[in-house]
Amino acid sequence: GAGVSQSPSNKVTEKGKDVELRCDPISGHTALYWYRQRLGQGLEFLIYFQGNSAPDKSGLPSDRFSAERTGESVSTLTIQRTQQEDSAVYLCASSFGSSRAGETQYFGPGTRLLVL
Amino acid sequence: AQSVAQPEDQVNVAEGNPLTVKCTYSVSGNPYLFWYVQYPNRGLQFLLKYITGDNLVKGSYGFEAEFNKSQTSFHLKKPSALVSDSALYFCAVSNQGGKLIFGQGTELSVKP
């Protein structure tokens, strides 16, 4: 079946503008994760949605970052008043979300964000 | 706090030789360990994971990894490297359902 999809694949914006990044998880996956990958670095956890539970927002770097998820479907990551340090690849992942530890997360291709 | 270390930024091997990409972890409780691979301009692809049971885990594309609890390590191995294995490899840990903590990544270069 289809994997995790993300849009846009690339986004160039000017400092101070708001951006929205979209993630479509694998059908049937109730858990959805956002990560950020800065150039030459590992992935940083941002936020985690599991079913109808309150999201784990512990990784969001500032209040300019927010995310929403519609039911167990699409998620949108919003960055307000973008800064140059927000330039990174934003990766979305999904998993079955059965609350079993060690579930495999499946990643989308990412959105490459460049803030000028 | 959970953490993962990949001590080598880059590993170079000749095609046909065995390869090892190192990973050590720090976590309270039982660790759940993962290896992912990232090809240029692509997302991460799952290779293998350790949850419990046999310490030697076999995964995709001929890769395997050995869990060593006493050394808190989970090194990735392959008996015979291919040029097409050249990519960025990430080790990650989770000790409960939810987020993964990733290492900084190791660039593997396999030369003909």
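The values are calculated or read from the model by the stated rules, or taken from the named source; none is laboratory data. Because the structure is predicted, anything quoted here is derived from the model rather than measured. Reconstructed Cβ throughout: ideal geometry from the backbone, glycine too, with neighbour counts over all protein chains shown.
Cβ contacts < 6 Å: first residue charged (D, E, K, R), restricted to region B:39-58; second residue surrounded by fewer than 20 Cβ atoms within 10 Å (Cβ to Cβ), any location; separation 6+ or different chain. Result?
Within 6 Å, the pairs are B:Lys58/B:Glu64.
Based on what the data block shows, is A:Gly97 within 30 Å of B:Asp9 (Cα to Cα) and at pLDDT below 95?
Working: within 30 Å of B:Asp9 (Cα to Cα): no; at pLDDT below 95: yes.
When the stated conditions are applied, A:Gly97 does not pass them.
Against the definition (within 14 Å of chain A (Cβ to nearest Cβ) and more than 12 Å from the chain's Cα centre (by Cα)), how does B:Gly53 come out, yes or no? It would help to see each step written out before you state the result.
Details: within 14 Å of chain A (Cβ to nearest Cβ): yes; more than 12 Å from the chain's Cα centre (by Cα): yes.
Yes: the conditions hold for B:Gly53.
Which one is nearest to the other protein chains (Cβ to nearest Cβ), of the residues in region A:75-101 that are buried (at least 21 other Cβ atoms within 10 Å of the Cβ) and not in a strand (DSSP E or B)?
A:Gly97
Conditions tested, residue by residue: (1) within 30 Å of B:Cys91 (Cβ to Cβ); (2) free of Cβ contacts under 8 Å to residues at least 40 places away in the same chain; (3) more than 15 Å from the chain's Cα centre (by Cα).
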| position | (1), (2), (3) |
| --- | --- |
| A:Ser5 | yes, no, no |
| A:Lys17 | no, no, yes |
| A:Arg36 | yes, no, no |
| A:Glu44 | yes, yes, no |
| A:Gly51 | yes, no, yes |
| A:Thr70 | no, yes, no |
| A:Thr76 | yes, no, no |
| A:Gln84 | yes, no, yes |
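Need a quick list: strands (runs of 3 or more DSSP E) entirely within region A:1-74 having at least 1 residues that are more than 13 Å from chain B (Cβ to nearest Cβ) and under 20 Å from B:Lys99 (Cα atoms). Step through it out loud before you land on a result.
Working: elements: A:5-7, A:10-13, A:19-24, A:31-37, A:43-50, A:65-69.
Once the strands (runs of 3 or more DSSP E) in region A:1-74 are filtered for at least 1 residues that are more than 13 Å from chain B (Cβ to nearest Cβ) and under 20 Å from B:Lys99 (Cα atoms), what remains is A:19-24, A:65-69.
Restricted to region A:1-51, and to residues that are within 18 Å of B:Pro40 (Cα to Cα) and hydrophobic (A, V, I, L, M, F, W, C), which residue is surrounded by the fewest Cβ atoms within 10 Å (Cβ to Cβ)?
Filtering region A:1-51 for residues that are within 18 Å of B:Pro40 (Cα to Cα) and hydrophobic (A, V, I, L, M, F, W, C), the one surrounded by the fewest Cβ atoms within 10 Å (Cβ to Cβ) comes out as A:Leu39.
For B:Val83, indicate whether it is of a type in the set (Val, Ile, Thr) and more than 14 Å from every other protein chain (Cβ to nearest Cβ).
yes
A:Ser62 fails exactly one of the following numbered conditions: (1) out of contact with any Leu (no Cβ under 8 Å at 6 or more places or on another chain); (2) under 14 Å from A:Cys92 (Cβ atoms). What is the number of that condition?
A:Ser62 satisfies every listed condition except (2).
Can you tell me which condition A:Thr104 does not meet? The list is (1) within 8 Å of chain B (Cβ to nearest Cβ); (2) in a strand (DSSP E or B); (3) of a type in the set (Val, Ile, Thr), and all the others hold.
The number of the failed condition is (2).
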